[in-house]
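What follows is a set of notes on a single structure, which appears directly below.
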Amino acid sequence: MTAPGLLRALRAIPKAELHLHLEGSIAPETVVRLAARHGVAVSPEDVAARYRSTDFLGFLDSYKWVTSFLRLPDDYRLIAGELFRHLRKQNVVYAEVTLSAGVMLRRNQNLAENFFALREASKEAAAEGLRVQWIFDTARQFGPEAAVETANWAARLAPEGVVAFGVGGDELALSARELLPAFECARDAGLRLLAHAGEIGGPEIVREAVEVLGAERIGHGLGALHDPALLDLLAERGLPLEICPTSNLRTGALARQLGGEGARLDRHPLKAFFDRGLRVTLSTDDPAMFETDLVAEYGAAAEMGFSSAELARLAEMSFASAFLPEADRESYLASFHERAAALGLL
Ligand SMILES: [Zn+2]
């Protein structure tokens, strides 16, 4: 397949997106609009400068800045509607979207009201062929009590479309042991469990996320590359790593994992993980902040040496790793296979 033909096929194939932060998906012009709503003058240049952070703590700071313009249900509804249109254009048919519920609670916002606005937007998306489930997330640096509070909210809103509880932020700020009560509370409520781990941290943080917290998918997991025994464990358990190549370049996470130099796409461990038999899924993380989209991430994987059949296998793994009832997952996989074959990807 020619390169443009492959990109067309990647755009046309039905896709699932599993690692996507709502607050990292806000287009620069929308940030300007939201800031103006709340009486803050922000120029497109300000947004561009914030979105261009080059190290991990700078990125967390920019993320915090963007969320300061999200205050009311209408703000959330606006950004969710824009995100869902953007996903539909790329033929994303299923998404698990992470909401920084912990940030909302920290800002003393009405989480339930904001979430109901989001749920309305996701109902509209479902009518257009995009199914959305929500993940509530806290940041490790907010501490153990905030994590429990977020998990409790996720449990309360589970019947409204919250499917999982996760943790992100500065993974060096809080140990797995301190997070355990929050994860236990989420698990007891029947929620699925996730953790960002090994984004900038080492293999021990990934291992603890799996063995202490019971995480069922790992956000990033790059740190596992330093520990062959951990890679074997992940492969054996079929435990998915959600890989976000452009994000890893833009936050400096890959550079940190590689010892500070030479962070380029061709040094990303995605292909090595895949070839070793790990379950890996491809995602954008914060598409607006990193100026990417899901089709571009598949294009990046092609540049890393994935054949068209391997790209199809990669796309299939997102459906296979989704927090869906078995019958729904099977149905997505069946239509995926049919379409992939018709597009000449399989
Ligand atoms: Zn993330």
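Of these, 146, 151, 189, which one is more than 20 Å from the chain's Cα centre (by Cα) and in contact (Cβ under 8 Å) with a residue 40 or more places away in the chain?
Working: 151 fails: more than 20 Å from the chain's Cα centre (by Cα); 189 fails: in contact (Cβ under 8 Å) with a residue 40 or more places away in the chain.
The conditions single out 146.
Among the residues of segment 199-212, those that are closer than 27 Å to residue 319 by Cβ, out of contact with any His (no Cβ under 8 Å at 6 or more places or on another chain) and within 16 Å of the ligand (Cβ to nearest atom) comprise 206, 209.
Anything in segment 81-95 that is under 15 Å from the mean Cα position of the chain (by Cα) and within 15 Å of residue 29 (Cα to Cα)? List them, or say none. Working first, answer last.
Filtering segment 81-95 for residues under 15 Å from the mean Cα position of the chain (by Cα) gives 83-84, 87, 92, 94-95.
If the condition is that a residue be under 15 Å from the mean Cα position of the chain (by Cα) and within 15 Å of residue 29 (Cα to Cα), then 83 is the only one that fits.
Scanning segment 230-263 for residues that are in a loop (DSSP other than H, G, I, E, B), of a type in the set (A, V, I, L, M, F, W, C) and within 16 Å of the ligand (Cβ to nearest atom) returns a single hit, 244. Of the residues making up segment 15-34, those that are open to solvent by less than 10 Å² (accessible area, probe 1.4 Å) and either closer than 25 Å to residue 241 by Cα or within 11 Å of the ligand (Cβ to nearest atom) (or both) are 15, 16, 17, 18, 19, 20, 22, 23, 24, 26. Within segment 298-346, being assigned to a helix (DSSP H, G or I), under 23 Å from residue 239 (Cα atoms) and open to solvent by 40 Å² or more (accessible area, probe 1.4 Å) holds for 309, 310, 313, 326, 327, 328, 330, 331, 332, 334, 337. Yes or no: residue 292 open to solvent by 10 Å² or more (accessible area, probe 1.4 Å) and in a helix (DSSP H, G or I)? Criteria not met by residue 292.
The values are calculated or read from the model by the stated rules, or taken from the named source; none is laboratory data. Given the structure is predicted, the values throughout are model-derived calculations rather than measurements. So basically every Cβ, Gly included, is an ideal-geometry build from the backbone, and we count neighbours across all protein chains shown. Keep in mind that these areas ignore ligands, DNA and RNA; they rest on the heavy atoms of the full protein, side chains included. Shrake-Rupley method; radii C 1.70, N 1.55, O 1.52, S 1.80 Å.
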